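Just so it is clear, none of the values below were taken in a lab; they were calculated from the coordinates. A quick note: this is a predicted structure, and the numbers were derived from the prediction, not measured. Every residue, glycine as well, gets a Cβ built from its backbone with ideal geometry; the counts of neighbours run over all protein chains shown.
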Amino acid sequence: MAQLKVGVLISGRGSNLKALLQAGDRPGHPFHIVHVVSNVAGAAGLEFARVHGVPTTVIDHKAYPERAAFDAAVDTALRGAGVGFVCLAGFMRLLSDGFVDGWRDRIVNIHPSLLPAFKGRHPQRQALAAGVSESGCTVHYVRPAMDSGPAIARARVPVLAVDDEASLSARILEAEHRLYPLALELIARGEITVAGECVSRSPAAERALKPLEN
Ligand code: GRF
C-alpha cells in the first residue's frame, strides 16, 4: 500500500502535530507528514515541522477578507505539496463547506471530549461544569458543521475530583498524542474506512484501539 501523504493544519502549540511527525518518521510507516500549514505565523508548532524537515506554509487569515479565498489558498498549498489526506490539529479556523466537501472522507480532526458531548470551545471546562466522571478525546471525519462528523476512535480518561481545567486538559492531551497517530495509522493501512456517515473498523483496528477506548 502506498504511503499516505498527510498535510496538517495548525494554529498554535502543535503538540498533536509533533506526535504525528514522530510516528510518521518511522521507517516503513504507512503515513508521512509532507506539509504543514498554519494560519498563525508565530505558531509554536511550526518549529516541530522544521525540526523534522517538513515544509511549512503560513497563510494569515487576516490577509483574506473572504473565508472562501483563505480556504482556497490553504487548498492550493496542500494540493501543491502532494497532500492526499488532511489532519486538523488545533486549527482554530472554521473551514468553508466547499473546502470540507473537497476533502470529504480525507480530512479528520481531533477534539478534546468524547463527542458528541462538549462540542466547541473549552470542552474540558464544559466537562468539569457538567460533573462527568470520565472524558477524553475523539478523532472524527470532518463535516461542514463544527465538531461533527462520523467518529473514528475515542480515548477515555477519568475526571478526578481534584481536577481543574489545566490538569484535565493535560490528561486528555496525553491521550490525544496516543490516539491521533494510531487512528491515522489505521486509516492509512485501510483498517478504518467510512461510507456515508458510517465508519467501519476491522478486527485489527478494534484490537489496536481497545486499550485506549476502555
Ligand atoms: C488539542 O486539545 C486538540 O484536541 C484541539 O486543540 C488542541 C490543540 O493542541 N483541537 P496542540 O496544538 O496539538 O498542542
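List of remarks:
- Residue match in the stretch 182-196 (condition: small (Gly, Ala, Ser), closer than 27 Å to VAL36 by Cα, surrounded by 14 or more Cβ atoms within 10 Å (Cβ to Cβ) and within 16 Å of the ligand (Cβ to nearest atom)): yes
- In the stretch 105-119, the residues that are farther than 15 Å from ALA175 by Cβ form Cβ pairs under 7 Å with partners that are assigned to a loop (DSSP other than H, G, I, E, B) and among the charged types (D, E, K, R), at six or more places apart or across chains, as follows: LYS119/ASP147.
- In the stretch 63-121, the qualifying residues are those that are more than 13 Å from TYR141 (Cα to Cα) and of a type in the set (S, T, N, Q), and the one that is farthest from the ligand (Cβ to nearest atom) is THR76.
- The listed residues are LEU78, LEU4, and the only one of them that is in contact with a Phe, Trp or Tyr (Cβ under 6 Å, 6 or more places away or on another chain) and closer than 22 Å to ASP105 by Cα turns out to be LEU4.
- The stretch 25-45, residues that are within 15 Å of the ligand (Cβ to nearest atom) and under 15 Å from CYS87 (Cα atoms): ILE33, VAL36, VAL37, SER38, ASN39, GLY45
- Where helices (runs of 4 or more DSSP H) fall entirely within the stretch 1-82, those with at least 3 residues that are closer than 27 Å to PRO144 by Cβ and either β-branched (Val, Ile, Thr) or touching a residue at least 12 places away in the same chain (Cβ under 8 Å) (or both) are at 15-24, 67-80.
- Residue in the stretch 55-70 that is among the small types (Gly, Ala, Ser) and either within 19 Å of the chain's Cα centre (by Cα) or under 19 Å from LEU17 (Cα atoms) (or both) present: no
- ARG125 meets each of the listed conditions (1) within 18 Å of the chain's Cα centre (by Cα); (2) within 14 Å of the ligand (Cβ to nearest atom) apart from (1).
- You will find that of ALA195, ALA175, the residue that is touching a helix residue (DSSP H, G or I) at 6+ places or on another chain (Cβ under 9 Å) and under 30 Å from LYS5 (Cβ atoms) is ALA175 and no other.
- Given (1) aromatic (Phe, Trp, Tyr); (2) farther than 26 Å from ALA170 by Cβ; (3) within 16 Å of the ligand (Cβ to nearest atom), number of the condition PHE48 does not satisfy: (2)
- Matching residues in the stretch 124-150 - criterion: being surrounded by 15 or more Cβ atoms within 10 Å (Cβ to Cβ) and assigned to a strand (DSSP E or B): SER135, GLY136, CYS137, THR138, VAL139, HIS140, TYR141
- Residue within the stretch 170-189 that is farther than 21 Å from GLY24 by Cβ, in a helix (DSSP H, G or I) and within 16 Å of the chain's Cα centre (by Cα) present: yes
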